[in-house]
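Below: the structure, in structure tokens.
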Amino acid sequence: MIPRISLSLWTTLTLIFLLGPLVIIVGGSFTEAPHVTFPPEGFTLKWYAQLMEREDFLESFIDSMVLAVAATAAATILGTIAALALARENFKGREAFRAFLMSPLILPTVVTGVALFQFIRLLEIPSNMLGLIIGHTLITLPYVIRTVGAALVGLDKSLAEAAEVLGAKPARILFQVVMPAIAPAILVSVIFAFIVSFDQVTISIFLTGPDVMTLPIRIYTYIEFAIDPMIAAVSTLLILFAYLLVVGLERAFGLDKVFGKKG
Amino acid sequence: MTVSRRKFLAGAAGVAAVSTLPTFSARAAEDFIIGTYGGLYSEILDAEVIPGFEQANNVSVQKELGWGSKFIPKIIASKANPPYDLVYVNEDESIFGDAAGLWEPMQPDATPNIAEIYDIAKPPALPQYTCTIYEFTCAYNPEKMDAPKSWGDLWNDKITLGVPHISSTYGMLFLQIAAELNGGGVDNLDPGFKALEDHPSMKIYKGVTDGFGKFRQGEMDAALFYRHRVQLLIDEGLSLDFTAPSEGTYGMRTGVRVVKNSRNVEAAHDWANRAMSAAYQEAFAPKLYSPSNKTVTLDAELAEKHVYGAEKVNSLKFGDWSVLNPKKPELLEKWNRTFTG
Amino acid sequence: MADASLVQNDTEADRPGGPGGARDGEIAAAAQRRRLWRRVFQLSPITLLYVVGLILPYLYLLRMSFNIYDPMLVFREAFALDNYIKLLTDAFYLQIVAETIWLGVAVTLFTLIVGYPIAWQIARAKSHVKSLLLAAVLSPLLINLVVRTYGWLAILGDNGILNGWMLDLGLIGSPLPLSNNFWTVVVGLGHVTLPFMVLSLVSVMESLSDELLEAGENLGASTFQIFTDVVWPLTWAGVGAGSILVFCFSISAFVTPALLGGGHVSTVSTLIYEKFTFSVNWPVGSALVFILLAMNMVVIMIHGRLFRHED
């Protein structure tokens, strides 16, 4: 009994820790004061009204969406194939290759941005979006490879073996046995990749250009001297958007199904 | 929602760019690309400057928002095919780029408005088309201390001193002030490090936003700070005031430079000329960007809040960046050794 | 993806020839060729992306790291090891490298300790509670980095919200110095990396069946024993996946250490950023990049040993 109570207490404290900054930002978006205060002073929706008139923020939101969807799709597909191959193939230098695939995460992302920017200019590729997609795919790939890879380790091999003994074709084993088993991990990867891309500041600093400016960079360059309530309003809408995304995923794939059979 | 759809299609085209590279060009011949500041600054440019400029030069202005510390690495990374035609820079960055060969030579003939600029903000004093002059004042909390008569009064064990991080123009200047108070100077900044290290209670702030937060929360009682930003805090009702200590205050000049190998050199010089005009600077004056143009007239109430008039402007001191710039790597290293780890 | 068997036992087939004679050898050779092609087919797209997006761009920086800094020209073409020698023989830089690793480890331990129990709760929760908890766990990632960082400064400042509450409640007599130190950075990074740890754990904990735990209980094992003997070993892969993501995220972050550290915390990443933008010392900055890379490769190899993908 005691472990159970302390577990609940710990979870409650963790939730406060997780949600604290969020509460301040959301509260700050409704304040009447000219800067974010906690607790908020009064209640107003004027910052949202102000935000709605900003076409630049809307454009940046669309840029970020396009980028995040493209990068997430590319990273999920490439990463899942690589994770499957790494789990199955047993070649010399596999661990080194695995470590190599993690490298986008361990190289300073700002420098990756500078290096990629330079390379793209060198090739005279006139699209900053392409550079952003390559950069974002690279930094989200390690999340996919690690998450899917971990699920493959835990995968009950006897299941696939049994299927093979029963004469199932490899493709069938993949799609009917392996894929359903790693589906939760793939969904988690999609969530990670999307969110990491959507909130990416550091790699984007040098890769955004006049033709494309992501929302985090828009916010970064907009803030001159303080987090004003309009920025809090943008953040609040983004939080709402991301929650809707999670709910949408749940409706579409059934998170309870995807995150296990209990419940 | 037409804009958003257009943007969406452009974005989708970006996704497809892998296969259709030649058709998707972000830099058509008529694009004029500037690196400038975000927030309010970019909004005033949109409203007051860009329409007239586009019409006169038959170009489409594309803005990339950021700071000199972002623009300069990007120019260095792509010198032959620079990502901008013109950028906004601080004086130290302008001088740095001059030494590193990042700019087109200045063309006084193409930029006649330079005649109206204060001498301290144009060649030979400074190789730059200056449009704004800032002052770094001594901000202090009057509830915690009397108005400091000298910068040295900030070394006082009753207050917490805000120290700007060295990775900013004014961080370097404050270090120099601290050095000068203790027998050093631009050539010998070590006494400055020692003075900062020995301060009984100091807090490093990193950038204006951080400094704002620390003033609001009462974590700093005094600091070198942008004068027009202190004004914002005072207008907000914070217990804060500012003064010019007897040693004087430093200023900073911000302006534009035309990037070397720009494809629109002529239009870029027109922009530079406009940035130095009285009309341009009067558009920015209500938001407390102080003019570099001698002919700008401000009403008394606004002038009060500005670095304004020949007497005031000429009283400002400026950093010697030809000495300080080459020292940046060494100073940064010494700073990190002193304050971190 | 024609041949996608997960259970192919390569080690057996990798031995060419064998006692079966020439014909068996041919079959084995053909199988090996097929396997080779399969690997090439599966791993070449990702390799291509890494070559184009990472290796080629970084080659320039590798070359740059052998140049010499010149205050006037940014850098002077050279082929010297000076930058590496300088960095690797300087106690200060070695200390920063050590502190960066320590930061990564501290954040990882923090997320593991804070995250493991909540991951367990999520894995065992009923579906609607599970969705709510998952949404809560994801929330730190949803707040913009810059906004989140300033939010923490408002909470943890000397006169911040947390100190204010504790003073009001009489828990403390004077404000605690919660901000501007190493542990502030650990909390800030731990907050945003917690989702990686928790979700990695959840996706592994899901596979633990109730029967297994009940069996343990029926055998009279204590809760502690069930944890150490059953749960912990079976969630080891999740710990591995989560910890590497958290570690890597932490050591390459630069906004959070720079702001929450109050100018008193330097990591290799913040140094690199300053060298590339403020002092424009690209040769030394580049050398630092490759030192960081080498250091992290070592950590990841050790991690790989620790969390070996067992067959």
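The values are calculated or read from the model by the stated rules, or taken from the named source; none is laboratory data. Nothing here was measured: the structure is a model prediction, and the numbers come from that model. Note that each Cβ is placed from the backbone with ideal geometry, even for glycine, and that neighbours are counted across all protein chains shown. Accessible surface is based on the protein model in full, side chains and every heavy atom, while ligands, DNA and RNA are left aside. Shrake-Rupley method; radii C 1.70, N 1.55, O 1.52, S 1.80 Å.
Evaluating 6.51 cos²θ - 1.76 cosθ + 1.60 at θ = phi - 60° for every residue in the stretch B:139-148, the Karplus couplings come out as 8, 8, 8, x, 6, 9, 7, 6, 4, x Hz, glycine and proline recorded as x. Putting +1 on Lys and Arg Cβ atoms and -1 on Asp and Glu Cβ atoms, find which of B:321, B:309, B:279 reaches farthest to the positive end of the dipole of the stretch B:275-341. The listed residue farthest towards the positive side: B:321. Between residue B:203 and B:161, B:162, B:163, the built amide H atoms are under 5 Å apart, and every one of these is 5 or more places off in sequence or on another chain. Each peptide in B:155-161, B:265-271, C:241-247, B:199-205 was scored by the mean count of other Cβ atoms within 10 Å over its residues; highest first, the order is C:241-247, B:265-271, B:199-205, B:155-161. Distance between the C-alpha centres of the stretch B:107-137 and the stretch C:176-223: 60 Å, rounded to the whole angstrom. Spacing of the modelled spin labels on residue C:127 and residue A:123, each 7 Å from Cα toward Cβ, amounts to 4.5 nm. Full extension of the segment from residue B:43 to residue B:239, taken as 0.36 nm per residue of separation minus the current Cα-Cα distance, would add 67.5 nm.
Residues in the stretch B:62-67 carry Karplus couplings, in order, of 10, 9, 10, 8, x, 9 Hz; the curve used is 6.51 cos²θ - 1.76 cosθ + 1.60 with θ = phi - 60°, and Gly or Pro positions show x. Rolling a 1.4 Å probe over the protein heavy atoms gives the stretch C:82-306 an accessible area of 34 Å² per residue.
What do you get when you divide the Cα radius of gyration of chain B by 2.2 N^0.38 Å, with N the number of residues?
Working: Rg = 21.5 Å, N = 341, 2.2 N^0.38 = 20.2 Å.
That works out to 1.07 for chain B.
Between beta-carbons, use under 12 Å as the cut-off and find the net charge around residue B:302, counting Lys and Arg +1, Asp and Glu -1.
Its environment carries a net charge of -2.
A Förster radius of 41 Å, combined with the Cβ-Cβ distance separating residue C:24 from residue A:73, puts the computed FRET efficiency at roughly 0.40.
Between helix A:55-88 and chain A there is an angle of about 20 degrees, using the helix long axis and the longest principal axis of the Cα atoms.
A straight chain from residue C:41 to residue C:228 at 0.36 nm per residue would run longer than the Cα-Cα distance by 63.2 nm.
Put simply, the amide H of residue B:259, placed in the peptide plane, has neighbours under 5 Å in B:86, B:87, B:104, leaving out anything fewer than 5 places away on its chain.
Determine the total buried accessible area between chain A and chain C, counting protein heavy atoms only with a 1.4 Å probe; round to the nearest 100 Å².
Roughly 9400 Å².
Summary value for the stretch C:202-274: 26 percent relative contact order, contacts being C-alpha pairs under 8 angstrom separated by 6+ residues.
For chain A, the longest principal axis of the alpha carbon atoms and the long axis of helix A:2-28 meet at an angle near 40°. Phi angles of the stretch C:72-86 translate, via the Karplus equation with coefficients 6.51, -1.76, 1.60 and θ = phi - 60°, into HN-Hα couplings of 8, 10, 6, 8, 10, 4, 7, 9, 10, 9, 3, 4, 5, 4, 4 Hz per residue; Gly and Pro are given as x. Amide H contacts for residue B:317 (H built 1.01 Å from N in the peptide plane; partners 5 or more residues away or on another chain; cut-off under 5 Å): B:249, B:250, B:251.
Shielding of peptide A:201-209 by partners, expressed as the average count of other chain Cβ atoms within 10 Å per residue Cβ, is 5.
For the stretch A:142-232, a crude dipole built from +1 on the beta carbon of Lys and Arg and -1 on the beta carbon of Asp and Glu, taken about the Cα centre, is about 360 debye to the nearest 20.
How much of the accessible area of the protein assembly as shown, probe 1.4 Å, is carbon plus sulfur, in whole percent?
About 62 percent, which is the carbon plus sulfur part of the accessible surface.
Averaged over peptide B:301-312, the number of partner chain Cβ atoms lying within 10 Å of each residue's Cβ comes to 0. Take the Cβ atoms of residue B:263 and residue A:53, set R0 to 25 Å, and the FRET efficiency comes out at 0.15. Estimated purely from DSSP H runs of n ≥ 4, each contributing -39500 (n - 2.57), the mean residue ellipticity at 222 nm for chain A is -24000 deg cm²/dmol once divided by its residues.
Counting Cβ atoms of other protein chains within 10 Å of each residue's Cβ and taking the mean over peptide A:77-90 gives 5. Over the stretch A:124-236, the ratio between the Cα radius of gyration and 2.2 N^0.38 Å evaluates to 1.56. Taking the Cα centre of chain C as origin and assigning +1 to Lys and Arg Cβ atoms and -1 to Asp and Glu Cβ atoms, the resulting dipole is close to 700 debye.
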